[in-house]
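The values are calculated or read from the model by the stated rules, or taken from the named source; none is laboratory data. It should be emphasised that the depicted structure is a prediction, and the values quoted were computed from it without experimental measurement. In this analysis, Cβ positions are derived from the backbone assuming ideal geometry, glycine residues included, and neighbour counts consider all displayed protein chains. We work out accessible area using only protein heavy atoms, side chains counted, and drop any ligands, DNA or RNA first. Shrake-Rupley method; radii C 1.70, N 1.55, O 1.52, S 1.80 Å.
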Amino acid sequence: MKRNSLSSFSVSLWLLFTAVMLQAVESAKGKYAHMLFNELFEDYSNALRPVEDTDKVLNVTLQITLSQIKDMDERNQILSAYLWIRQSWHDAYLKWDKDKYDGLDSIRIPSNLVWRPDIVLYNKADDDFSEPVNTNVVLRYDGKITWDAPAITKSSCVVDVSYFPFDSQQCNLTFGSWTYNGNQVDIINSLDSGDLSDFVEDVEWEIHGMPAVKNVITYGCCSEPYPDVTFTLILKRKSSFYIFNLLLPCVLISFLAPLGFYLPADSGEKVSLGVTVLLALTVFQLMVAEIMPPSENVPLIGKYYIATMTMITASTALTIIIMNLHHCGSEAKPVPQWARVVILDYMSKIFFVYDVGENCTSPKREKEECKLEGDGECQRRHKEVRSHLSSRNDDCDLKEKLNGNLNKSNGVHGENVRETVNCCSCYKMLIKNIEYIANCVRDHKANRAKGIEWKKVAKVMDRFFMWIFFIMVFFMSVLIIGKAA
């Protein structure tokens, strides 16, 4: 027990001694840091470039770390990004011997105390021209200064929406000195590209790289070269949101439009369906126009909307024409012979359009019992009836002649003769009435057959255009997906 208590006591004493020594060292370093700071900045000025020879170029190393894409405003063509900007350079007047200061090799001081390069974003698109964030800089004993500052930048970006929502964009971030030329301050790339190791994934954009290129430009105003570093941000849009909210509803509505040809003409909803689909596509077109910049480049989905709306407009116009054919009545002209052959004989079989009671396996029945041209059996029966009535009429005429001769010879009128004459008169009146009724029925059936033929022509044309427009919608959908791929 005594041995254990002694060992724990010795450990406690050692820990206490270590803590006291560390505190003393820190106090000593703090003392030396204050002494160093006072000596360094006693005669220092942050207004001039920190070089011993004014003809010497000061090299500034630049490194950009992309942390997050805050917004891509396609309409105003502005990219908002959250960046970490690291700049490092050597200050010839801020050096010391670390051995004289108890091994103190670096200190952290406010950035506004030292000279800083005036490196700015050339293609800045923000109205706020505020000063950079005054974060601390790290000053090393050899005069190297490292300045890390966060920044939320708004830069101009030329947005090409030709293939929206399957588009890729390239946005440039150009950094350079605003007043110093290349003979005074030179910018050096720290890396061949921007640092994406700490990038926070964006919900709309994928980052495919951020290459960096140094440019040396001579402007018309000055003969000196001006270097800059351009970081190209390569973005690929995630199109799932737009596929499910803009493209897929349009495709489904487009496939719904040709079904208007399948609706019965007597339903009264054929034109209403086309107009409703056209209005729905107009709403989607306005939604796309609100987020796109007003440029000459029409987005791919906008072209698809326009093509679909044109197709639906054409289908509505064709529906109106076909409905006029359907409602052709007895006043209309007969169906032309070429239309009978092409539409009623061939196209009706191709598109499976049959009359009531017909199908693709049963033979055709006679559409009308007696058409205008007349069926053979029907005409034969009609001739038999007429011959029978004519024979009756001839009999009456014969009997009248016989009775007339008899009356002349006898000079008297008998009761049987009067009955025979009355019977023959009834037969004549009956024949006239029957012929009148037969003519009326025949004319009615002919007119009805004419209307039925025009209705069948309209139905065949409905089926024909339905398949044509289905094929057009399918190929347009395949075309837009193919261009996206």
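What to note about this one:
- Within the range 74-117, backbone nitrogen closer than 15 Å to the virtual label 7 Å beyond the Cα of Asn134 toward Cβ: 109-116
- Excluding ligands, DNA and RNA, the accessible surface per residue across the range 30-237 is 53 Å² with a 1.4 Å probe.
- If the chain linking Asp160 and Lys31 were pulled fully straight, counting 0.36 nm for each residue of separation and taking away their Cα-Cα distance, it would gain 40.5 nm.
- With every protein chain in place, the range 105-155: carbon and sulfur % of accessible area (1.4 Å): 48 percent
- Thr276 paired with Asp345, simple spin-label distance in nm, labels 7 Å along Cα-to-beta-carbon: 4.1 nm
- By accessible area with a 1.4 Å probe, ligands and nucleic acids excluded, highest first: order of Asp195, Asp462: Asp195, Asp462
- Extension gain, Ser267 back to Leu479 (0.36 nm per residue minus Cα-Cα distance, nm): 72.9 nm
- Figure note: Ser67, Ser156 ranked by solvent-accessible area, largest first, 1.4 Å probe, ligands and nucleic acids not counted: Ser156, Ser67.
- On the beta carbon distance between Asn183 and Asp127, with R0 = 41 Å, the FRET formula returns roughly 0.80.
- Student exercise, the range 30-237 dipole from Lys, Arg, Asp, Glu Cβ charges, in Debye to nearest 20: 160 debye
- Sites Leu430 and Ile452 - FRET efficiency at Förster radius 41 Å, r taken between beta-carbons, to 0.05: 0.80
- In this structure the amide hydrogen of Lys70, modeled in the peptide plane, comes within under 5 Å of the amide hydrogens of Ser80, Ala81, Tyr82, none closer than 5 places in sequence on its chain.
- Between Lys333 and Asp192, the modelled labels are 7.8 nm apart [label points 7 Å from Cα along Cα→Cβ].
- Computed with every protein chain present, the accessible area of Met309 is close to 40 Å² [probe 1.4 Å].
- Computed lengthening from Glu39 to Phe470, 0.36 nm per intervening residue step minus Cα-Cα distance: 146.6 nm
- Farthest toward positive dipole pole in the range 30-237 [+1 Lys/Arg, -1 Asp/Glu at C-beta], among Trp178, Val216, Leu139: Leu139
- A 1.4 Å probe over all protein chains sorts Glu269, Glu224, Glu201 by accessible area into Glu201, Glu269, Glu224, starting with the largest.
- Remark: the range 243-252, residue by residue, has Karplus-estimated 3J(HN,Hα) of 5, 7, 10, 10, 7, 4, x, 5, 5, 5 Hz, where x stands for each Gly or Pro and the curve is 6.51 cos²θ - 1.76 cosθ + 1.60 at θ = phi - 60°.
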